[in-house]
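Written below as structure tokens is the structure these notes are about.
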Amino acid sequence: MELTVIGYSGSFPGPQSPASCYLVEHDGFRLLLDMGNGSLGSLQNFADIYTIDAVLVTHLHVDHFIDLCSYYVALKYRPAGPATRVPVFGPSDLGHRLTSAYGLRKGSMSEEFEIADLETDFEVGPFRVRTDRMVHPIEAYGIRLDAGGKSLAYSGDTGPTDRLVNLAHGVGLAVFEASFLDGANPPDLHLTAAQAAQHAQRADAAQVLLTHLVPWNDRDQTREQAAPHVDVPLDLARVGTTVVL
């Protein structure tokens with residue numbers, strides 16, 4: 001299993017990165033976790049966008065799903081003809097939100113996307129997908145992927161919760177959001193860098209990749225506040241960061 005960071009910026013795109021998007025590959029199957037603002041452009045540096053086999057969306061804030069609207073255009077109007085329909089799994093209102101955001105007054109995106117609700121435990125290609133509801137102002141999910149004896153967990157957006165610890169138990173890679181620094185975190189919204197590391201340590205993750213890094217934060221401070229709370233390798237996401245499990 002291999003993860004490549006397409007975009008890691010939290011809440012809005014930053015000067016070095018689009019918003020959240022991660023490419024996960026195993027046995028030739030290509031899956032995206034989220035498609036936030038600007039991610040479709042970045043994705044083209046790492047993969048043929050017409051070879052994506054599925055997309056999983058954690059929640060319906062624009063920094064996690066809005067580039068599906070651009071992807072719709074790329075699939076529908078490809079000069080060689082419409083591309084193969086892409087399975088997209090997300091919260092229950094995903095289809096309506098996409099058509100509304102794009103401004104479709106008639107019809108849907110059903111010829112481009114095969115939209116389905118995220119379930120708690122299902123399979124997509126070679127991946128076993130497990131999800132759990134996180135702590136966030138809207139319906140939001142953490143996602144665990146298992147394939148070929150390897151595993152990773154992606155927090156999406158969440159405040160502190162034991163559900164994330166349980167979902168990520170024993171994973172090879174914890175991709176956890178670290179939106180805030182100490183003393184600046186509203187309740188039930190996001191994790192601080194320290195909290196992200198603490199959750200990963202409690203989950204007994206083998207390595208940690210901090211993401212959803214808000215552009216106004218200092219990366220060195222984020223690392224300094226997280227590092228004391230975890231005793232396994234820890235890194236901060238960058239566009240193009242690749243982790244092979």
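A few comments on the model shown:
- Single unsatisfied condition, S108 versus (1) of a type in the set (S, T, Y); (2) part of a helix (DSSP H, G or I); (3) modelled with pLDDT under 95: (2)
- Qualifying residues in the stretch 66-100 (those that are closer than 13 Å to E114 by Cβ and of a type in the set (A, V, I, L, M, F, W, C)) - the one farthest from the chain's Cα centre (by Cα): A83
- Scanning the stretch 90-105 for residues that are part of a helix (DSSP H, G or I) and among the hydroxyl-bearing types (S, T, Y) gives T99, S100, Y102.
- D188 vs. criteria modelled with pLDDT of 95 or more, out of contact with any Cys (no Cβ under 9 Å at 6 or more places or on another chain) and acidic (D, E): no
- Matching residues, the stretch 217-245, being within 20 Å of the chain's Cα centre (by Cα), in a loop (DSSP other than H, G, I, E, B) and of a type in the set (A, V, I, L, M, F, W, C): A237, V239, L245
- The stretch 208-230 - residue that is under 28 Å from D146 (Cβ atoms) and touching a Gly at 6+ places or on another chain (Cβ under 7 Å) and, of those, surrounded by the fewest Cβ atoms within 10 Å (Cβ to Cβ): L213
- Hits in the stretch 6-29 (condition: part of a strand (DSSP E or B), crowded, with 24+ Cβ neighbours inside 10 Å and not polar (S, T, N, Q)): I6, G7, A19, C21, Y22, V24
- Within the stretch 97-113, residues that are among the basic types (K, R) sit with their Cβ atoms under 9 Å from residues that are not in a loop (DSSP other than H, G, I, E, B), at 6+ positions apart or across chains, in these pairs: R97/F65; R97/G90; R105/T99.
- Residues of the stretch 69-101 classified as hydroxyl-bearing (S, T, Y) and surrounded by 15 or more Cβ atoms within 10 Å (Cβ to Cβ), total: 4
The values are calculated or read from the model by the stated rules, or taken from the named source; none is laboratory data. As the structure is a prediction and not an experimental result, all values here were calculated from the model. With ideal geometry, Cβ positions are generated from the backbone for all residues, glycine too; neighbour counts draw on all protein chains shown.
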